[in-house]
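Read through the structure below, which is laid out as structure tokens, and then see the notes.
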Amino acid sequence: MASIELNRVSKTYPGGVRAVKEATLAFRDGEFIVLVGPSGCGKSTLLRMIAGLEGISGGTVSIGGRVVNDLPPKDRDVAMVFQNYALYPHMTVRRNMSFGLLRRRRHGGPVAWLARSQARREELAQIDRTVEETAATLGITALLDRLPRALSGGQRQRVALGRALVRDPAVFLFDEPLSNLDARLRIEMRAEIREMHRRTKATMVYVTHDQEEAMTLADRMVVMRDGVVQQAGTPAECYGRPANRFVAGFVGMPVMNFVDATAAAGGLVAPSLGTGTVLALPPGRWPTIPAGPATLGVRPDRVRVSAQPAPGALQAEVRAIEALGDRMDVVLSVGSARMVARVENDARLREGERAWAGIDLADAHLFEAGGDGDACRRIADRDD
Ligand SMILES: Nc1ncnc2c1ncn2[C@@H]1O[C@H](COP(=O)(O)OP(=O)(O)O)[C@@H](O)[C@H]1O
Ligand SMILES: [Mg+2]
């Protein structure tokens with residue numbers, strides 16, 4: 001079991017790419033951490049520095065209270081699972097799973113001699129039992145004597161998980177392990193990985209670009225952008241109190257609606273929603289908003305839409321409707337702004353026709369104005 005501390009960890013690749021910039025994070029023993037962010041933001045680089053597969057340009061990485069900067073991967077008590085499985089193609093599943101264990105024991109002395117000894121035989125039997133028990137929990141017993149090429153993608157990924165599990169490491173590191181699988185299998189495997197976490201109680205660090213995967217798996221998620229940590233928090237914190245506009249737009253689907261506005265006494269002036277539009281601030285909320293430009297953020301499920309005029313609602317036009325079974329996403333033009341609303345099915349709403357959009361500021365967020373950058377910090381939201 002192990003905690004992980006990163007203290008101002010940076011990575012500059014030869015050629016000058018600064019892939020990770022001064023990441024300072026602490027992961028508790030047994031936590032399930034998800035590193036999430038768009039492609040190229042430095043997730044894999046950070047994970048590989050924890051694993052020891054990538055040199056550290058600055059700062060320190062500690063595992064279990066010990067600085068491991070100069071420790072080779074095999075001495076860090078970590079197991080890594082990759083997107084492309086990385087199974088040995090010429091070895092059976094059984095051998096792929098036991099290989100790491102066998103190799104670890106060989107340092108001690110001449111292999112041939114050991115193999116003949118009673119101790120060695122017992123050890124091999126123990127490894128066999130471990131492999132078979134792990135295979136049983138993953139439902140791959142029937143595959144043990146097959147070669148990787150005779151397996152489906154999902155089966156290969158199970159074998160890769162099994163290979164990490166049998167080593168019983170203090171830390172599991174996953175780099176987009178489910179990205180090659182189809183959507184349904186991905187959801188099934190997510191549940192298995194959660195279960196694996198519950199059983200092993202190991203520290204797990206999991207990389208994905210998929211915010212939904214991050215939300216469903218993480219105890220805490222670390223949102224990254226351009227090599228910089230934007231926010232580390234529970235999925236509920238990152239969703240409910242995003243640190244800046246980037247996190248707000250990255251976490252949650254459909255994406256949060258953003259509207260340029262100007263904060264004034266008692267209201268938000270938002271001409272992009274229609275000339276003269278002023279959204280009244282709910283009394284008692286947001287008492288300390290500085291007057292001036294700001295960006296309003298409203299989640300799609302907080303936009304009410306009706307086919308009839310409603311008190312306080314803004315006139316809009318329905319651009320498109322995406323049916324989702326019991327609900328639908330309605331793409332609206334409101335003034336010059338585009339907004340997405342997620343609402344209950346409503347047959348009275350039709351593409352190309354008028355509608356009315358109600359924005360509830362009691363459920364909205366407010367960010368510093370200016371582009372979509374991470375500099376646009378949260379000013380206030382419903383919890384303040
Ligand atoms: N071996 C490398 N040499 C040079 N640049 C690299 C190398 N690996 C990754 N990079 C660059 O570092 C940045 C972060 O990459 P990476 O950690 O793979 O991001 P992610 O996993 O979030 O997609 C990217 O700009 C990428 O092009
Ligand atoms: Mg990556």
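The values are calculated or read from the model by the stated rules, or taken from the named source; none is laboratory data. Just so it is clear, the model here is predicted, and its values are computed rather than measured. Please note: Cβ atoms are built from the backbone with ideal geometry, for glycine as well, and neighbour counts cover all protein chains shown. Side chains included, ligands, DNA and RNA excluded: accessible areas come from the protein's heavy atoms. Shrake-Rupley method; radii C 1.70, N 1.55, O 1.52, S 1.80 Å.
For residue 55, are the conditions met, namely being under 23 Å from residue 74 (Cα atoms), away from ligand 2 (no atom under 16 Å from the Cβ), in a strand (DSSP E or B) and modelled with pLDDT of 95 or more? Criteria not met by residue 55.
When the stretch 192-209 is filtered for residues that are over 12 Å from residue 175 (Cα atoms) and not β-branched (Val, Ile, Thr), the ones remaining, listed by number, are 192, 194, 195, 196, 197, 198, 199, 201, 202.
Taking strands (runs of 3 or more DSSP E) as the structural unit, those lying wholly within the stretch 277-347 and holding at least 3 residues that are of a type outside the set (Val, Ile, Thr), open to solvent by less than 20 Å² (accessible area, probe 1.4 Å) and modelled with pLDDT of 90 or more correspond to 327-334, 337-344.
Annotation: residue 4 fulfils all but one of (1) open to solvent by 10 Å² or more (accessible area, probe 1.4 Å); (2) closer than 15 Å to residue 220 by Cβ; the unmet one is (1).
In the set (1) within 13 Å of ligand 2 (Cβ to nearest atom); (2) in a loop (DSSP other than H, G, I, E, B); (3) among the polar types (S, T, N, Q), residue 44 fails one condition alone, (2).
Could you please find all residues in the stretch 170-190 being away from ligand 1 (no atom under 16 Å from the Cβ), in contact with a helix residue (DSSP H, G or I) (Cβ under 9 Å, 6 or more places away or on another chain) and not aliphatic (A, V, I, L, M)?
Listed by number, the residues that qualify are 172, 182, 186, 188, 190.
With the requirement that a residue be away from ligand 2 (no atom under 11 Å from the Cβ), among the hydrophobic types (A, V, I, L, M, F, W, C) and either crowded, with 21+ Cβ neighbours inside 10 Å or over 13 Å from residue 229 (Cα atoms) (or both), what does the stretch 18-35 give you?
Filtering the stretch 18-35 for residues away from ligand 2 (no atom under 11 Å from the Cβ) gives 18, 20-34.
Next cut, among the hydrophobic types (A, V, I, L, M, F, W, C) only: 20, 23, 25-27, 32-34.
20, 23, 27, 32, 33, 34 - these are the residues of the stretch 18-35 that are away from ligand 2 (no atom under 11 Å from the Cβ), among the hydrophobic types (A, V, I, L, M, F, W, C) and either crowded, with 21+ Cβ neighbours inside 10 Å or over 13 Å from residue 229 (Cα atoms) (or both).
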